[in-house]
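Encoded as structure tokens, the structure appears first; notes follow it.
Values quoted throughout were computed directly from the atomic coordinates according to the rules given, and no laboratory measurement underlies them. Computed from a prediction, not measured in an experiment: that's the story for all the values here. Here the Cβ positions follow ideal geometry from the backbone for every residue, glycine too, while neighbour counts run over all protein chains shown.
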């Protein structure tokens, strides 16, 4: 069983990956898709990082500190970009990214 901080990281990563995947798909349906390109790219990177981090945390990987630190950085970048857009899906994604970055930082400094 994962420690409470690892479980919080796993849960936040799963939620963030889902929000990022939803945001990326929704951005592709916006009127000005070109303007959303960076948002989509960061959504995809962030979702992949979150999935990696959740798996590493669940396995108790010895690399979890470094992996969680990278995930927090990508969540920060994705959250900042999504936060620039007024779309509901972008705002929800930005919030999920902020929560995930916080949870990942707790794991990265706690290892």
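Of all the numbered requirements in (1) within 15 Å of the chain's Cα centre (by Cα); (2) farther than 19 Å from residue 77 by Cα; (3) surrounded by fewer than 23 Cβ atoms within 10 Å (Cβ to Cβ), residue 18 misses one, and that requirement is (2). The listed residues are 92, 49, 57, and the only one of them that is within 14 Å of the chain's Cα centre (by Cα) and buried (at least 23 other Cβ atoms within 10 Å of the Cβ) turns out to be 49. Among the residues of the stretch 57-72, just one is in a helix (DSSP H, G or I) and free of Cβ contacts under 8 Å to residues at least 12 places away in the same chain, namely 59. Taken over the stretch 68-89, the criterion of being surrounded by fewer than 23 Cβ atoms within 10 Å (Cβ to Cβ), farther than 16 Å from residue 20 by Cβ and in contact with a helix residue (DSSP H, G or I) (Cβ under 7 Å, 6 or more places away or on another chain) is satisfied by 69 alone. Can you name every residue in the stretch 27-42 that is surrounded by 14 or more Cβ atoms within 10 Å (Cβ to Cβ) and not in a helix (DSSP H, G or I)? Within the stretch 27-42, 30 is the sole residue that qualifies.
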